[in-house]
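**Q** Just dropping this structure here.
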Amino acid sequence: MYKVGQMADWTKLAKVAGVESKSAMPQILDRGRHAADQAGVLRSRPLPVLLATLSVRVDPSAERMAIDSSLEAGAKLIVANMLVLPPYPLTFMLAPEYATLPHEEDLDAVRATAARAAALGIPTELLRISSGRPVRALLELAREREAGLLVFGPHLSMTPRRRFRIAARRVRREADCLVWIAPDG
């Protein structure tokens, strides 16, 4: 049929194989021609980094991981302080800002974490979220904000061990993004 060194005609080969369309033709992607199309995909906006704590100060290793990741990716940092909503229905309806008492959260330390990130030039957002189920609220926040990395880092000396283990296990299991849990990762 063909001599050695002779190139095959793809249309003749397709007819021999019983294929009448050009689908038998190999598709070649010319990277030089489509480089502009691919550049738009590669330069998409970076997904935000979410640093979360459970109404206590942030663990130093978690803070370092979140800030370094935001700097490296050029991403926004969201610092989320997840508060357990106490069952005070009347207080929450009349004055929600007083539903969580000052001794029930370490707001100044969490604000200092956000301020350190902002001082480095990272776009930073500080959120205080009160919920009866703070871990579920954290997972919803990660989905809504399309987080690329969730750094879960409540300070271990201020969080009950059992509560931390249960929350960390649930975050690891149900988060839709990369997860880093302090202190070990």
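**Q** What are the ³J(HN,Hα) couplings of the stretch 49-58, residue after residue, when phi is run through the Karplus curve with 6.51, -1.76, 1.60 and θ = phi - 60°? Round to Hz, x for glycine and proline.
**A** 9, 10, 9, 10, 9, 10, 6, 10, 5, 7
**Q** Related question: By how many nm would the segment from Glu146 to Ala112 grow when fully extended, if each residue of separation counts as 0.36 nm and the alpha-carbon distance is taken off? Don't skip to the end; give the middle numbers.
**A** Numbers: separation 34, 0.36 × 34 = 12.24 nm, distance 2.46 nm.
Here the answer is 9.8 nm.
**Q** Quick check: residue separation of Ser61 and Ser44 times 0.36 nm, minus the Cα distance between them. What number comes out in nm?
**A** 3.3 nm
Read-outs: derived from the displayed coordinates by stated rules, not from any lab. Predicted, not measured: the structure shown is a model, and the values here were computed from it.
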